[in-house]
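The values are calculated or read from the model by the stated rules, or taken from the named source; none is laboratory data. Just so it is clear, the model here is predicted, and its values are computed rather than measured. Cβ placement follows ideal geometry from the backbone for every residue including glycine, while neighbour counts extend to all protein chains displayed.
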Amino acid sequence: MVIHALLLCLVAGLVLPRFALAQADMSIGVLAFRGKQDAIERWLPTARYLSERITDYRFEIVPLTLEGMLDQVEQNRLDFILTNTGNYVVLENAFGISRLATLKVRHLGAEFTQFGAVIFTRQDNTELNALADVAGHSMLAVSEEAFGGFQMAWRELLDAGIDPFEDLRLKFGGFPQDDIVHAVLAGEVDVGTVRSGTLERMAADGLIELDRIKVLGARQSDVFPFLHSTRLYPEWPFAKARGTPEKLAQRVAVALLELEPDSEAALRAYSAGWTIPLDYGPVHELFRELEIGPYAYLGKPSLTSVWREYKGWIIFSLAMMLLLVALLILISRANRRISQSELKYRAEANQRRLAQELLARHKEELEERVAERTAELADVNASLRRSEATLRAIHDITSNAELRFEDKLAGLLREGCRFFEMETGLVVNTGGDNADTLARVDIETERAPVDCHRLVQSVREQIGISQAPVAVSDLRGHSFQGQEDLCGLAGSVLAADYLVDDEAAGIILFASSSASPREFSDVDIDILQLMAQWLGGEIERTEINRRAQAHQAQLAHVSRLNTMGEMATGIAHELNQPLTAILNYSGGSLRLLQKRGNGDSELHQAIVSIGNDARRAADIIKGLREFIQRGEHRRERFVLEDCIESAVELLRPRLLQHDIEVDIRRAEAVPEIVADRVQIEQVAVNLLINAIDAVCAGSQSPKKIEIGITRTDAGEVAVSVSDSGDLLSQSVIERLFDPFYTTKSDGMGMGLSISRSIVESHGGTIEYLVNEAQHPTFRFTLPVT
Amino acid sequence: MSVTDQLTEDEQTVFVVDDDLSARESLCWLLSTEDIASRAFDSAESFLAHWNPDLSGCVTVDVRMPGKSGLQLQEELNTRHNLMPVIVLTGHADVPVAIRAMKLGAYDFLEKPYSDDELLACVKNALALGREIDHAEIAKSQAARALENLTEREREVMCLVVEGNTNKAVGARLGISEKTVEIHRARVMEKTAARSLSELVRICLILKDKI
């Protein structure tokens, strides 16, 4: 025992000071293509970020020229390398460095992981219209070693049958590339080539006009908006040297992938962070074709024919697209059916009941007063009878479910005009900055209609001051507080404001060009206020309906996008397997051919074409997926329980129809989460629909669904949905989350697959299990931040 | 202590785990064109059934498979203390999956379809790393065997010597003569085949957990 203790002390004494206390230094070699100072300014924040994330190492920047980079990598002096795409492939081949991530370059407000080069001349140069025309002309590029500044263009020129060193008067001007653009526009050279995006940036800075430029051999791309004449190649990689420890490289890769696009480290590097390393195979191909860099030894290959055999793949992809569209239509129909929500009807009935109660109450009050005054005054009696008739009319109009809101409004105003003996009635929404007339009714008279614009403004201010309806039977000699004489505008006016969500939202106004034949009474004002109250309630109800519908529409939209994205992912996965096999076989065949020294260049070329076409098919699939998945996630902070309840509410009609009981249990202290709320609601809806179908198909009674919201030991939030349906069989469990797999006669088999994608894209997990009560359960977890 | 000649590339195998028959077979064939031995498995479960700690080489694994996924396979291999580098292949690369694979210790992450240059370079580097790990393991077990043969007294002497004590000081601590210390020390060097004090220190460091 003594010995053990001794030795542990000894080991601790030996190991600790050397390995734990001191930080080890890590050198990042950086290609300084614009001088040392620029390289340090650009990458120092990235080194600091890495030092902060990986605290037991200190990362430092070593700015290097192309030659310097080669020396340092050869002598094993660097741990990490940040260099341009062309240089990377040279170093990868010669010294076994390997890439950890690819830079997302930020240019003119967008992010790109690829770039190309543009070959161009002056717009007014009529001799040059295609790449093949440039033979015999002069051309300016950056330098022979410049990847974007020359080598990309070199490859395209070779493909067009032009050897730039023999068929052109080729000159190199070095950086900056702007000088090349100016030289072409000034007519000093015929043709220039620069990195893609340069022209657009100069145009945006007002240095040049794009319409004076003619692009030669222009290519189109859905994902890359800048002018370019060449194929696209991946952006700068972040690579590790051969001797750098694997564990450290992994930590660096994770740190780079998690770099926030708006952090200083990203912004100073003119980037939006880093992504998964792209395939640098195309760069290998370029070098191989140009016989430079690692392929300087190759013999001259012939590049002539395009093998058309793989047209089949494209047609297959198109057929799949059509299938997608057809399925999409099916989904949208299904969604429309769902959105015939019972919610809407219940809310409407409720509102109507409230309005009716209100009307009934007022009717009672009025009848009381009628009874009192009938005894006293016969004329008042007559007026009350009239008002009772009007109330009935108003009640009939407002409670008629078949009328539209606009028709009800017009009917109400017409009834008001008749009752108050006015010529014009209108409803004006004053909620915004401008008064907005919702409805207007004019009783036909021989007089000119009343100009209501200024009247509305004055009356509105008056109501705002007095907080009471305005009722003036003769405007002559009457003046509102602080207002000019209004008798030029109208003879009499009666107006009240209405409230929406307890805020003054507009006014209902009746006016006549002449003075009213009678004084306005309390009954008139009561009826006016009754109309205003109904109006406010009705607008509020419409607004609630509109919001509910917008929410459902959004959910349906997200559901469609998710379905499309999931199908594209499924198809991409299925197609990528045979494409991978094709590329494995074509790549292996080329290796065997080379190894056995068979000089059959025709066969060689055909196999190269097989590989190229398979890659093209893969690019199409990838493009399709990127196109569909371009929708962004909107992250917000919210209470998960609210989101689950809103999903239950959406499915309430179905739950009632099948007499299913839903029980939501929430543990204490479940924190709010940050996620895309609509997407999470979609997951909850999917799981609930499955649970409803399961309890309906099952034999258990009573039918019951239990939802539990808890916090896991790992600090995540977990939602479980269990039902009283039958347990799933082993064969079903195995394929549960596969796209297109379904056990329902009318199902598409996308629900669980989509749910899994959504949960995983939030960094969570989803699984099927059997809970303590032996009920089938789906459970998903989400991280809190 | 040199072990480099005990392992050759020939004994290493690439274990290809992929549910798709054509992807699996074509990859094995591609590897064979570079004379790399490989063995295919159609699921994570069948590979785990075959796995044992003495396997040497590297593993390529597809992310999406019925049954256990590639990432779950990585987790299971980690709990079994697998030392072979694992290359993760996927038909649909997205950042969260890549981060999870990396955090689980993946050697590399390639998107299907990959270029053959890239895959072969990656596999070769992974095999080289696997060899280094194997060598370190062999060195560890050899050192352990050497220490097992020491007597209790020899062990005491070794610990104090490694700590930096002179023979005289060791003798004083243990209450024996300097001459006896010298004899013990010589036997320790002989049994552990250490050529110098620094080599002895290294053996002790390798086995710091086991002593």
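Structure above, values below:
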read-out	value
Residue identified as among the charged types (D, E, K, R) and over 34 Å from the mean Cα position of the chain (by Cα) among A:231, A:268, A:195, A:242	A:242
Counted residues, segment A:257-294 - those being within 12 Å of another protein chain (Cβ to nearest Cβ) and under 20 Å from residue A:92 (Cα atoms)	15
Segment A:52-82 - residue that is in contact (Cβ under 8 Å) with a residue 60 or more places away in the chain and surrounded by fewer than 23 Cβ atoms within 10 Å (Cβ to Cβ) and, of those, farthest from the chain's Cα centre (by Cα)	A:76
Tally of residues being facing another protein chain (nearest Cβ under 7 Å), part of a loop (DSSP other than H, G, I, E, B) and surrounded by fewer than 19 Cβ atoms within 10 Å (Cβ to Cβ) across segment B:95-127	1
Count - residues of segment A:86-113 that are more than 19 Å from residue A:252 (Cβ to Cβ) and either more than 14 Å from every other protein chain (Cβ to nearest Cβ) or acidic (Asp, Glu) (or both)	10
Qualifying residue in segment A:539-549 (condition: touching a Leu at 6+ places or on another chain (Cβ under 7 Å), surrounded by fewer than 23 Cβ atoms within 10 Å (Cβ to Cβ) and in a helix (DSSP H, G or I))	yes
Options A:547, A:560, A:541; residue that is within 21 Å of the chain's Cα centre (by Cα) and farther than 23 Å from residue A:751 by Cβ	A:547
Per-region count, segment B:12-41, residues within 13 Å of another protein chain (Cβ to nearest Cβ), surrounded by fewer than 20 Cβ atoms within 10 Å (Cβ to Cβ) and more than 20 Å from residue A:589 (Cβ to Cβ)	1
Unmet requirement for residue A:294, which otherwise passes all of (1) part of a helix (DSSP H, G or I); (2) modelled with pLDDT under 75; (3) over 30 Å from residue A:238 (Cα atoms)	(3)
Residue A:577 in contact with a strand residue (DSSP E or B) (Cβ under 9 Å, 6 or more places away or on another chain) and within 12 Å of chain B (Cβ to nearest Cβ)	yes
Check on residue A:648, β-branched (Val, Ile, Thr) and farther than 30 Å from residue A:316 by Cβ	yes
Matching residues in segment B:128-166 - criterion: being at the interface with another protein chain (Cβ under 9 Å from one of its Cβ atoms), part of a loop (DSSP other than H, G, I, E, B) and surrounded by fewer than 15 Cβ atoms within 10 Å (Cβ to Cβ)	B:164
Per-region count, segment B:87-105, residues modelled with pLDDT of 80 or more and within 20 Å of residue A:570 (Cα to Cα)	5
From B:95, B:123, B:162, B:88, residue being closer than 30 Å to residue A:287 by Cα, touching a residue at least 40 places away in the same chain (Cβ under 8 Å) and of a type in the set (Val, Ile, Thr)	B:123
Selection status of residue A:535, within 14 Å of chain B (Cβ to nearest Cβ), modelled with pLDDT of 80 or more and assigned to a helix (DSSP H, G or I)	no
Tally, over segment A:717-751, of residues that are of a type in the set (Val, Ile, Thr) and within 11 Å of another protein chain (Cβ to nearest Cβ)	1
